[in-house]
Structure formats: C-alpha cells, structure tokens
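Note sheet for the following structure.
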Amino acid sequence: MKTFHLPDLGEGLPDGEITKWHVKEGDLIKIDDPLVSIETAKAVVEVPSPFTGKVVKLYGKEGEIIPTGAPLVDVLGEAKKESGTVAGEIKVGEEIISEKAATISGRAGIKVLPAVRALAKKLNVDLNIITPTGADNTITAEDVKKASEALHDAGPLEPLKGVRRSMALTMSQSHSEVVPVTILDDVDITAWVKEKDFTVRVMLAIVKACQQEPSLNAWYDGKAMGRRLLKQVNIGLAMDSHDGLFVPVIKDAQEKSPQTLRNEIEKFKEEVKNRTIAPQSLQGATIVLSNFGKFAGRYANPIIVVPTVAILGVGALREEIKPVHGEPKVRSILPLSLSFDHRAVTGGEATRFLASMMSSLQ
C-alpha cells in the first residue's frame with residue numbers, strides 16, 4: 001500500500017482545496033494519470049498520480065482544505081519511485097526545474113516550479129514567452145495566469161510569412177552569431193542644419209569613413225574565422241513598411257553624386273511601398289544605415305546584418321543649448337549609434353570610424 005501526500009504546489013503554500021477528484025475508490029490508475037485538481041491561493045493545479053495500481057482510499061472530499069504534506073490518496077500498487085515524490089510534472093518540495101528558453105531574451109534558461117509548469121500546460125501557455133517576476137528569474141503561477149489572460153484577449157497566432165519571416169530569421173542569426181558592441185555620440189550639425197537632405201549627407205559621411213577606416217566596410221565569415229575588406233561601399237538602407245523591414249542596397253555609393261543617391265533612395269522607397277523591389281536590390285550590402293530618428297528615439301542598439309560587421313543608427317535631431325566661446329547658444333544635435341561586430345572590428349577601428357563621420361558631418 002502506498003500513501004501519496006499533498007505536495008507543496010509552489011512558493012511554500014500551506015494548503016490547497018480539493019476542487020475535483022478525477023478518480024474514485026476502486027478505480028485503476030496509472031502513473032501520470034490525472035488524480036485530483038487542487039486550488040491554491042495562486043492557481044488551480046491538476047495533480048498527476050505518482051503510482052500505478054488500485055485506488056483504495058481518498059482522503060477528503062471536494063471542497064475540503066487539505067494541508068500540504070497531509071495524506072491525499074492510498075493506492076495498492078507500485079510507485080515509480082520510493083522517494084514519495086510525484087511522478088510526472090508535480091514534485092514534492094521546492095525543487096526548481098531549469099528549462100531552456102528562447103534566445104530573444106538573451107538568457108540561458110528560465111526557472112519554473114513543477115506546479116507552475118503543470119498550470120502552464122493546462123492553460124496552454126508557452127513558458128518561453130513569459131517574463132519571470134519571481135525570485136532568481138523564476139516564473140510564478142501569477143505570471144502564467146497573466147500570460148493566459150493576455151493570450152485570451154489577443155488575436156490568434158499569426159505565422160510570420162514573407163518579409164517578416166525573413167526579418168525574424170535574419171535577426172535570430174545575428175543574435176546567435178554576432179558579438180555586438182554599440183558606441184554612442186552626438187555631433188553638432190548646426191552649420192548645415194538648414195540643408196534638407198540629411199540621409200544623403202550621412203551616406204556621404206559613411207563613404208568617407210569607410211575609406212579612412214575600411215575595417216567596418218567588410219564581410220565576416222564566422223566559420224572560416226576570416227574577413228573580407230571591400231573596396232566598393234554598398235550601403236544598405238533600412239526601410240520600414242507595413243509588410244516588414246526592407247534593406248535595399250545602394251551599390252558603389254562612393255562613385256555617386258548626392259543627387260544620384262537621392263534618386264536611388266526615392267526609387268527604392270517607391271518600390272518598397274508597392275512591393276515591386278527586385279531581390280537583387282536587397283543583396284550585397286557592405287554596411288547598413290538605419291535612420292530610425294525620423295520616427296522617434298535618440299539612441300539605439302542597431303542589429304548587425306550578417307555578414308556585414310557594422311550598422312549606423314541615426315536618431316532624432318534635437319536642439320540643445322551649448323556653450324560657444326563662453327556664451328550659451330542653441331545648437332542642432334544629431335545622435336549617432338554605431339554597432340560593430342567585435343569579432344572582426346576592434347574598438348579603436350570603430351571609434352576612428354565614428355570620429356571620421358562626425359568630422360564630415362560638422
């Protein structure tokens with residue numbers, strides 16, 4: 001005869017209420033079959049059977065409160081273990097199980113109590129989408145319940161397709177392969193702020209910086225542990241659209257006039273809008289420019305697109321009062337965020353590149 005005692009169902013809760021028995025005395029039961037549903041202060045948890053055999057006695061009726069550690073059921077048969085733990089997903093005590101998490105959060109794993117894991121399974125909630133609020137990066141039952149409520153209010157799962165799927169794959173590849181570092185600075189562009197074409201001016205500064213510090217105009221091969229320095233400056237220009245992120249490439253930017261660059265930008269904008277852009281126009285970037293500041297934001301950590309080794313983010317133009325020759329003056333300030341792959345680019349190379357850009361923009 002084996003007696004199963006009510007385990008701690010999470011976070012040191014003292015007791016639980018029997019809400020439903022899934023078996024009755026005389027039933028045959030197997031390990032991991034649903035045994036009883038217990039409601040705690042945190043959640044309703046379905047407790048699986050730790051034994052295979054015949055149910056001899058049930059301790060307590062539906063609606064009764066059972067203290068943690070009190071007898072719950074007697075079973076005539078064999079246990080999976082002799083330790084008194086529950087086979088399956090609920091276990092006695094405060095043992096925490098580690099589960100691998102998705103890499104978008106940058107963590108090696110999340111932690112979850114067995115009872116909370118069972119609750120997530122019952123509510124059909126993926127633990128990988130939850131941000132833990134418990135101690136030591138642990139997902140709590142409340143986290144699961146809130147996620148379930150949010151999923152209930154949200155629309156159905158929408159599989160990513162086309163451009164958005166490509167973006168997701170590209171970003172995942174970058175996250176798993178690249179060793180990114182971002183440096184930030186501001187450049188005073190008061191001298192030319194009246195000019196309208198900021199994007200072209202920044203692109204020309206990128207070209208000059210690539211010529212002075214070619215290490216950032218390169219492709220890196222992680223498998224071969226090697227890089228290719230490139231003579232042509234092919235600037236990928238990040239463009240937002242309803243369908244997702246496009247990065248059309250202005251090839252040989254070092255050979256083009258400001259007007260030609262502007263014409264190509266307008267052409268790509270129209271093609272992205274109408275979804276008529278050719279696949280070859282999205283290939284071959286050697287460095288990328290993201291002008292996110294036209295929407296909002298001062299600084300960012302732009303994501304490097306493999307196999308390139310650098311991306312420049314341009315934030316929103318702002319006005320600040322700065323001392324000029326001892327007097328306060330209103331100045332136009334442009335924030336810059338340069339991300340580089342530290343596998344292929346040194347900090348010195350990156351800072352020299354940024355300094356060159358700032359010199360060109362002032």
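A few comments on the model shown:
- Cα shape, the stretch 204-362, gyration tensor, a/c 1.5 rule: oblate
- Mean residue ellipticity at 222 nm, helices only, the chain: -7500 deg cm²/dmol; runs of at least 4 DSSP H residues each add -39,500 (n - 2.57), and the sum is divided by the number of residues.
- Pairs from the list Lys57/Lys121; Lys20/Lys54; Lys2/Lys61; Lys61/Lys145; Lys2/Lys145; Lys267/Lys294 with a Cα-Cα gap above 24 Å: Lys57/Lys121; Lys61/Lys145; Lys2/Lys145.
- Beta-bridge orientation, the chain: approximately 90 percent antiparallel, per DSSP, counting only bridges with both partners inside.
- Förster radius 22 Å - calculated FRET efficiency between Lys223 and Thr351 (Cβ-Cβ, nearest 0.05): 0.20
- Global geometry of the chain, whether rounded, prolate or oblate, following the gyration tensor of its Cα atoms and the 1.5 cut on a/c: prolate
- Lys122/Leu184 FRET efficiency (R0 45 Å; Cβ-Cβ; nearest 0.05): 0.45
- Across the stretch 234-362, C-alpha contacts under 8 Å between residues 6 or more apart give a mean separation that, scaled by the residue count, equals a relative contact order of 19 percent.
- Listed residue (Thr138, His22, Leu336) projecting farthest to the positive dipole end of the chain, Cβ model: Leu336
- Full extension of the segment from Asp15 to Thr3, taken as 0.36 nm per residue of separation minus the current Cα-Cα distance, would add 2.6 nm.
- With all pairs of different C-alpha atoms in the average, the Kirkwood value for the hydrodynamic radius of the stretch 134-282 is 19.3 Å.
- The stretch 24-62 and the stretch 155-184: distance between their alpha carbon centers, rounded to Å: 44
- Antiparallel DSSP beta bridges within the stretch 224-315, percent to nearest 5: 45
- Whether the stretch 164-243 is rounded, prolate or oblate, judged on the alpha carbon gyration tensor where a/c under 1.5 counts as rounded: oblate
- Extension gain from Lys30 to Glu158, taking 0.36 nm per residue of separation minus the Cα-Cα distance: 42.3 nm
Values in this text are rule-based calculations from the coordinates and carry no lab data. All of these numbers come straight from a predicted model, not from anything done at the bench. Virtual Cβ from ideal backbone geometry, glycine too; neighbours counted across all protein chains shown.
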